[in-house]
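To start, the structure itself, in structure tokens.
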Amino acid sequence: MKVKKYDGGDLRRVLIGMVTDQTVCSRVASQWPDEGLFDADYANLVGGWCVNHLQKYGSPPNDRITGLFETWATKTTAGEKTVGAVEKFLHVLSDESSNGEPSQSSDYLLDVAGRYFNMVRMKRAMEAAGDDLARGRVDQAYGRLTELTQVEMGAGALVKPAEDYDVWQQAFDTKQGEPLAVYPGYMNRWIGRDMVRDSLIAFMGPDKSGKSMMLLDLAFRVVRARHRVAYFEAGDMGRDAVMRRLGTRATRRPMRPETCKIPISIDGDGNVEHREVVFDRGLSSGEGYKAFRKTVRGKDLFRLSCHPNSSVNVAGITSVLRDWEREGWVADVVAIDYADILAPPAGVRDTLDQIDTTWRHLRRLSQELHCLVVTATQSSSLAYNDKGGVLGRKHFSGRKTKLAHVNGMIGINQTTGDKENGVVRLNWVVKRDGYYVERRWEAAAGCPAIANPVIRSRTK
């Protein structure tokens, strides 16, 4: 039997959350016993400071945690081991803050806290029951195990809206709904504000309509905003092709010498004005590497995992993400290029059921990891017959239920003239939250040669 090893990573993440995150501190405080919930004395000590500060001032201590430690240190009779452990934790906290490490979502931290605290509680109960058995107290040992209750904080936790004010605070916490990517002009309002955690968003378009480019562009915008991206290439492009596009996107330079049409403005009707830029040389590997490293400021914000066509399914992707999670690396955005060419789920034989299950699992992935999952899907052959129109619900391919599982499906629309001018018209095919009109589109202008499909959108 494989046993998960707890190396202090979960403890550290939860404790940092109690120090810095209002939602995490409030939820943990609601179940905090006098003896604490951690399995380390120093952690229960710091956790107790956080709970007391929240109860007294209504907020976690944040930067004031150092002052609490200094006040405690002048009076404590605790041993050097405990004092040293607190100092070490404060150093880690300070380093993460000064290095600008991306913060993890409150919902994710609460899930981690629930699993960790239940592990500690079960461990304590089993140790106590073992002592009882060693002394021949079978009934007492049995009672300890049968009376064991779970710590409920994350997904599946009981909520009493008339009693638990902290869940109201979490629901109305504006930070939880902050967009993870920023687009230029009106496009930021059109699609950017819907790129949030706990969501499944998909781009739908005909073959060669720029679906992969839209996904990679979104990923680039996310890392530029200092969030983590896990990018899974499922067989549409190889690793080298992805790296070349990343390089051109970061340097704003095409792979080969050419004259590029760079948009400088676009109006509401999709009419675009360009300027021509001559690139007399192509892009080198060194230039691409340096530019991308500068974009992420040298941080581990982008991870690429490439797989042959139909060789990995959602369960396989989840397994990779869980492995990275154990390293302490948690994705804010999971981009998958793309859903239609993932391997089918195990044990599902019917083709349409395979499609439905894949999309249900993608939605579950966004909820379990509290991240944005973004992917793409091919439209049906009907899309090729609607020249000048926009994609709608009738243009789905495979199974219609994929439209029900997403939080939003964005149609990619291009006429021949649009393609020549680098113009793309995006519309909401379906959208779960907020008002939308399926036939309404918004235009953006970009330059495929530098892997940027949205350089300009209207500003009024």
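Exactly one residue out of G114, G177 is touching a residue at least 24 places away in the same chain (Cβ under 8 Å), within 27 Å of the chain's Cα centre (by Cα) and within 24 Å of S366 (Cβ to Cβ), and it is G114.
Restricting the stretch 324-344 to residues that are assigned to a loop (DSSP other than H, G, I, E, B) and of a type in the set (F, W, Y), the residue that is modelled with the highest pLDDT is W329. Counting only helices (runs of 4 or more DSSP H) that sit completely within the stretch 167-261, those holding 1 or more residues that are under 18 Å from S457 (Cα atoms), out of contact with any Phe, Trp or Tyr (no Cβ under 7 Å at 6 or more places or on another chain) and of a type in the set (S, T, Y) correspond to 186-190.
On the basis of being in contact (Cβ under 8 Å) with a residue 60 or more places away in the chain, in a helix (DSSP H, G or I) and either in the same structural domain as R197 (by TED's automatic domain parsing) or surrounded by 14 or more Cβ atoms within 10 Å (Cβ to Cβ) (or both), does F69 make the cut? No, not satisfied.
Only a single item in (1) in contact with a helix residue (DSSP H, G or I) (Cβ under 8 Å, 6 or more places away or on another chain); (2) in a helix (DSSP H, G or I); (3) at pLDDT below 90 is not met by R124, and it is number (1). Does the stretch 304-319 contain any residue that is more than 28 Å from G411 (Cβ to Cβ), loosely packed, with under 15 Cβ neighbours inside 10 Å, hydroxyl-bearing (S, T, Y) and out of contact with any Phe, Trp or Tyr (no Cβ under 7 Å at 6 or more places or on another chain)? Checking the stretch 304-319: at least one residue is more than 28 Å from G411 (Cβ to Cβ), loosely packed, with under 15 Cβ neighbours inside 10 Å, hydroxyl-bearing (S, T, Y) and out of contact with any Phe, Trp or Tyr (no Cβ under 7 Å at 6 or more places or on another chain). Number of residues in the stretch 329-360 that are more than 15 Å from C371 (Cα to Cα) and under 14 Å from the mean Cα position of the chain (by Cα) equals 0.
Quick one: which of Q150, Q170, Q140 is free of Cβ contacts under 8 Å to residues at least 12 places away in the same chain, touching a helix residue (DSSP H, G or I) at 6+ places or on another chain (Cβ under 7 Å) and farther than 28 Å from Q378 by Cβ? None of the other options fit; the residue is Q140.
Among the residues of the stretch 217-271, count how many are among the hydrophobic types (A, V, I, L, M, F, W, C) and under 20 Å from M187 (Cα atoms).
First, the residues of the stretch 217-271 that are among the hydrophobic types (A, V, I, L, M, F, W, C): 218-220, 222-223, 225, 229-230, 232, 234, 237, 241-243, 246, 250, 255, 260, 262, 264, 266.
Filter again for under 20 Å from M187 (Cα atoms), leaving 218-220, 222-223, 225, 262, 264, 266.
The qualifying residues number 9.
Screening R197 against (1) surrounded by fewer than 18 Cβ atoms within 10 Å (Cβ to Cβ); (2) at pLDDT 90 or above leaves a single unmet condition, (1). The residues listed here are E80, E96, E87; of these, the one that is assigned by TED's automatic domain parsing to the domain that holds T23 and loosely packed, with under 10 Cβ neighbours inside 10 Å is E80. Screening Y108 against (1) touching a Pro at 6+ places or on another chain (Cβ under 9 Å); (2) touching a residue at least 40 places away in the same chain (Cβ under 8 Å); (3) of a type in the set (F, W, Y) leaves a single unmet condition, (1).
Highlighted here are the helices (runs of 4 or more DSSP H) found entirely within the stretch 4-62 that include at least 1 residues which are among the aromatic types (F, W, Y) and farther than 25 Å from Y165 by Cβ: 41-57. Exactly one residue out of R326, R221, R226 is touching a residue at least 40 places away in the same chain (Cβ under 8 Å) and over 17 Å from L372 (Cα atoms), and it is R326. Residues in the stretch 101-160 that are among the acidic types (D, E) and within 20 Å of M18 (Cβ to Cβ) were compared, and the one that is surrounded by the most Cβ atoms within 10 Å (Cβ to Cβ) is D107.
The values are calculated or read from the model by the stated rules, or taken from the named source; none is laboratory data. Because the structure is a prediction, the values reported are computed rather than measured. Methodologically, a virtual Cβ is constructed for each residue, glycine included, from the backbone with ideal geometry; neighbour enumeration extends over all protein chains shown.
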